[in-house]
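Laboratory data are not the source of any read-out in this text; all were calculated from the coordinates shown. Quantities reported herein were computed from a predicted structural model and do not represent experimental measurements. With ideal geometry, Cβ positions are generated from the backbone for all residues, glycine too; neighbour counts draw on all protein chains shown.
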Amino acid sequence: MSILLVAPYTDLVRTAESALKNTPYPIKICLGDLDRGVEVAQKEIAEHNVQIVISRGGTASLLRKNLTVPVFEIDVSGFDLLRAIYPYAIRDRKIAVIGFENVISGARSIAEILHIDLGYFLMSQGKHIASVVREARDWGADIVVGDTISVKTASELGLFTRLVRSGPEAISSAVEAAVNMLEHMNEELLRNKRLNLIMEHSDMGVLYLTADGFIQHMNSKSEKILMQNKEQLIGRKIGTENCPNTIIEALRNETRHQLIQIHEKDYMVEISRILNDGIHVATLVFLESSSRIKDLEGMIRKQMINRGLIATYTFENLIAGESNFIKTMDKAKRYSQTNATILLMGETGSGKEVFAQSIHNASKRNDGPFVAVNCAALPDSLLESELFGYAEGAFTGARKGGKPGLFEMAHKGTIFLDEVNEMSNTVQARFLRVLQEKQVMRIGDNRLYDVDVRVIAASNKDLGIETEDGRFRRDLYYRLKVLDIRIPALRDRKKDILPLFDSFIDYFNKKYNHGNRRVPEPIREAIIMCDWPGNVRQLRNFAEKVSVLLSLNQGENDIVGDLLHELCPSSGQPESNLLAAGTVLPSDRQSLKEAEAIMVHACWVRNNRNTSETARQLNIDRATVRKYVASVT
């Protein structure tokens, strides 16, 4: 039950019941005159969640003063007045009409229509009803027509009275108005619930202010930020006595987004003024901590990263047997636990990116992005826009809305800059600023973006020499060389060559479903002898070729002949046609014994024709070495 009708007299109860018997709305009708009307209404409101009260005359006025819910009054219609006045008008009685302005106005209209004289006695706020009735008596009224309180007072003074009774039309009209109000209230309540639900689910503090600055809504987050309860603020005008001065200043400022301090913490405040037909009707205040904004930026940037930019290698993927490489790995593992810039130096193909990814995955940034870029693969202008991003309209063809650079995309993670020695002076200067300030300015923009990124740079040349020769900025070199790691070439990791080769063979056999095929021993021996100028990358590519050729089911001698052409010792002697560049073996087919002889001769030449050392390396006796060498020469 949401609507209560308080009837000041018994006849009104019966009339209302008859008029509303078919109404679909839950309406309760109670008898409650001027003496008991307020008590009855208060009891029903407390027990049955009454939202709107309907009554009439003086009772309605009294209820409106004492209740907190809306009170609708049953208006006195022309039909109601006519029913009360007409029987006495035709008898030439002197009729006094007592009531408020709406009753008096209706009575005048009836008097004009019926061509009769009436006495009009206006009731008003603050004027006692008894004095109005006495005026009517002194005027000489034969009968007093009015509402319940007027008729009751006139009767007490001995006057004849006629009650203006409300008919079904007036009751239905009042109920219709009350129902419209109730529907509007429920819609408003639903809107408020939705608004509160949205506000409570927001991670920002939200304040909803009326146009004149009163706090109408606020969420729990804003309570925590302001360190005050809703009960202390809602319904009060916002001011320095209940809110920090920084918020008050932000409201006075025309800027929509402002950085302010609240209780010594930084917050971004957004002021959004709500307009209706150009008129300011409300204000929304959003408060968000600067630390959360940075976290959100990092999360958004992380989600934008392509899956191909995720680090996949770890230190467990590295194969180490040589002591120098083991020491290098140990150093990299220790460095991974810091946030300092790392400089990797090593020949092309020696595994600098594998080290960079392993360092990232072993660091506390392993949940963040790993962004890799080869500085030698891009022209200067493109490298600059890729690294630092650009603003909308920065150049012809620039993407609408601009584009974040790789430094921004690597926020909270690691950026790996391979072949950093190939950067131009312009890009080096911008890169140096990022290292120093931890901020990026996009091309064509004037805004600085904070970046929290760990830099791992790599060079296939000695940056110290490049700096001395003026090809690399000295200040940038020392900025990069905080922690430096030199990755040994594969020729300096002889113990690692075969284990690496075997791991690659296993990988490609599984990849191509080749099964576990045996690699001929001459190939394995030749692998050890080769200098591998392309380092691990070259060895990997050669392993892929071996896996493919072994799967073709050729004769072993044919396979050995084809593959040995790929292996050229780096220290060939000009007097040996077999060791001359590009002519390791003749193009015709050869036996396995001939291939073995060639490989022994190659090892002998590499050892400066030292038979003993060659025999030791190949684990054969010196006589066999001399025999193979003699057969080739």
- Taking r as the C-beta separation of K481 and E521 and R0 as 51 Å, the FRET efficiency to the nearest 0.05 is 0.70
- Query: Say the dipole of the chain comes from +1 at the beta carbon of Lys and Arg and -1 at that of Asp and Glu; which of N66, T348, M529 then lies farthest toward its positive end?
  - Reply: M529
- Item | In sequence order, calculated HN-Hα J values of region 286-291 (Karplus, 6.51, -1.76, 1.60; Hz; x Gly/Pro) | 10, 10, 9, 5, 5, 5
- Of the options I98, I110, Y88, report the single residue whose Cα projects farthest towards the positive end of the charge dipole of region 78-165 (beta-carbon charges: Lys, Arg +1; Asp, Glu -1). Y88
- Message: Name the residue from V38, N374, G321 whose Cα lies farthest towards the positive end of the charge dipole of the chain, charges +1 on Cβ of Lys and Arg and -1 on Cβ of Asp and Glu.
- Response: G321
- Message: Between E39 and K265, what is 0.36 nm times their sequence separation minus the Cα-Cα distance? Round to one decimal in nm.
- Response: 76.1 nm
- Arrange the peptides 335-346, 182-193 so that the one whose residues have, on average, the most other Cβ atoms within 10 Å appears first. 335-346, 182-193
- Between the Cα axis of helix 592-606 and the main Cα principal axis of the chain, the angle (0 to 90°, nearest 10) is 90
- Item | At R0 = 51 Å, FRET efficiency that the Cβ-Cβ distance of S323 and N513 yields, to 0.05 | 0.85
- Item | Bridge type composition, the chain - antiparallel percent by DSSP, nearest 5 | 45
- When the Karplus curve 6.51 cos²θ - 1.76 cosθ + 1.60 is applied with θ = phi - 60°, which whole-Hz ³J(HN,Hα) does each residue of region 188-197 get, with x for Gly and Pro? 5, 5, 5, 4, 5, 5, 4, 4, 5, 4
- Note on the structure: Burial-style ranking of 484-494, 37-47, average other-beta-carbon count within 10 Å with highest first, yields 484-494, 37-47
- Query: Do the alpha carbons of any pairs in K224/K265; K221/K364; K352/K461; K221/K400; K28/K65; K193/K237 sit beyond 24 Å of each other, and which pairs?
  - Reply: K221/K364; K221/K400
- The simple spin-label model distance between T312 and R399, using points 7 Å out along Cα→Cβ, in nm, is 2.4
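Ranked by Cβ crowding within 10 angstrom, fewest neighbours first, how are V285, V373 ordered?
Arranged by neighbour count, lowest to highest, V285, V373 become V373, V285.
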- So what are the three principal axis dimensions of region 337-447 from its Cα atoms, in whole Å, longest to shortest? 39, 28, 23
- Message: Show me, for region 265-281, the HN-Hα J-couplings you get by feeding each phi into the Karplus relation (A = 6.51, B = -1.76, C = 1.60, θ = phi - 60°), rounded to Hz, glycine and proline as x.
- Response: 10, 7, 9, 8, 10, 10, 9, 10, 8, 9, 10, 10, 6, x, 9, 6, 10
- Query: So if we plug the beta-carbon distance of L114 and K230 into 1/(1 + (r/R0)^6) with R0 = 51 Å, what FRET efficiency do we get, rounded to 0.05?
  - Reply: 0.25
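Equivalent-ellipsoid semi-axes (√(5λ), Cα gyration tensor) for region 78-165, whole Å, largest first? List each step's numbers first, then the result.
Values: eigenvalues 70, 40, 25 Å².
Over the Cα atoms of region 78-165, the semi-axes work out to 19, 14, 11 Å.
About its Cα centre, what dipole magnitude does the chain give when the only charges are +1 on Lys and Arg Cβ and -1 on Asp and Glu Cβ, stated in debye to the nearest 20? Let's see the in-between values first.
Numbers: 80 positive and 81 negative charges, 252 e Å.
Dipole of the chain, to the nearest 20 debye: 1200 debye.
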- Placing one equal point scatterer on each C-alpha of the chain and summing with Debye, one gets log10 I(q)/I(0) at q = 0.05, 0.06, 0.12 Å⁻¹ equal to -0.54, -0.63, -1.22
- Message: What does the extension gain come out to for S172 and I90, with contour length at 0.36 nm per residue minus their alpha carbon separation?
- Response: 26.6 nm
- The extension gain from S124 to R537, computed as 0.36 nm times the residue separation minus the Cα-Cα distance, is 138.5 nm
- With +1 on each Lys and Arg Cβ and -1 on each Asp and Glu Cβ, how big is the dipole of region 202-287 about its Cα centre, in debye rounded to the nearest 20? 100
